[in-house]
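Notes for the one structure printed next.
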Amino acid sequence: MTNIEKYNAIFIELFDCTQQDLDGGFAFNDIERWDSLLHMALIGKLEEAFDIMFDTMDILNYESYQNGLKILRKYGVEI
Amino acid sequence: MNISLKRITEDDLEILMTWRMRPDISKHMMTDVKLNMDMQRKWFAKYQAEQTQIRWIVNVDGKQVGSIYLIDIDEKNKHAEIGVYIADLAYRSLKLLLTIHWNLFDWIFENTDLHRIYGLIMEGNEAMIRFNIANGHQVEGKMVDHIYKNGKYYDLNVVGLTKQRWQAFRETVSYDKCEVE
């Protein structure tokens with residue numbers, strides 16, 4: 001599984017969404033059930049999958065699918 | 001977004017009771033409780049007399065959305081337990097949660113003699129443990145089978161934050177200031 005496939009799979013599992021939802025832009029503010037615990041659950045799954053640990057400000061600024069890709073690249077994840 | 005932390009008053013007892021008994025809130029607490037207003041008034045009299053806890057209502061743009069609190073304040077050993085819940089689902093953002101914690105940490109370590117605050121997190125709430133690491137705490141350990149609830153034992157995870165750790169950590173983050181009463 002490639003990194004982008006792993007990334008997408010985490011979103012699809014956690015948010016019960018589709019690949020089309022992700023491709024259409026997926027901002028957390030637009031998701032009704034988005035909350036701090038879901039936010040931290042996502043962070044935890046990404047850290048485990050890519051063997052990284054986010055700085056707090058990156059966690060706070062992790063606000064969408066697309067913006068998350070940029071943040072992951074900061075940690076050396078080729079995605 | 002205008003955020004403030006206001007000390008609880010007798011006028012808040014009803015909303016606190018309603019929030020505390022909600023299943024989505026009490027599932028993360030060590031106990032499930034059934035409260036009434038008479039119990040609340042007695043509890044509040046004790047709260048005022050003993051002064052071993054401080055509770056605030058979280059206000060956002062004039063709306064009461066949750067509560068954050070220090071309990072088991074130990075003046076001899078200079079520590080207290082911190083807890084929080086956001087009851088209004090529309091306000092359960094990470095940004096709000098971090099903002100109120102960081103402002104409260106500033107208030108605690110500038111205005112009280114406390115040296116350490118800590119959180120106790122029930123087994124199964126891994127996201128809350130990761131949240132506490134993100135807000136500056138370190139994981140200190142685990143009390144195995146420490147809580148017996150609804151016929152089952154649960155581990156209790158301990159996270160802690162000393163004054164020195166906060167002073168170093170706060171330099172690594174930025175946050176909006178809010179009023180803490």
Inter-residue pairs, beta-carbon under 6 Å, first under 11 Å from B:GLU123 (Cα atoms) and in the range B:139-155, second open to solvent by less than 50 Å² (accessible area, probe 1.4 Å) and part of a strand (DSSP E or B), 6+ apart: B:LYS142/B:ASP155; B:LYS142/B:ASN157; B:MET143/B:LEU156; B:VAL144/B:ASP155; B:HIS146/B:LEU156; B:ILE147/B:LEU156; B:TYR154/B:MET122; B:TYR154/B:ILE147
Filter result (within 19 Å of A:ASP55 (Cα to Cα) and basic (Lys, Arg)) within the range B:133-170: B:ARG165, B:ARG170
Restricting the range A:1-56 to residues that are polar (S, T, N, Q) and within 14 Å of another protein chain (Cβ to nearest Cβ), the residue that is most open to solvent (accessible area, probe 1.4 Å): A:ASN29
Complete set of residues in the range B:60-103 that are free of Cβ contacts under 8 Å to residues at least 12 places away in the same chain and touching a Gly at 6+ places or on another chain (Cβ under 9 Å): B:ARG92
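The values are calculated or read from the model by the stated rules, or taken from the named source; none is laboratory data. Just so it is clear, the structure is predicted and the values come from calculations on it, not from any experiment. Backbone-built Cβ (ideal geometry, glycine too); neighbour counts: all protein chains shown. Note: areas computed on protein heavy atoms with side chains; ligands, DNA, RNA excluded. Shrake-Rupley method; radii C 1.70, N 1.55, O 1.52, S 1.80 Å.
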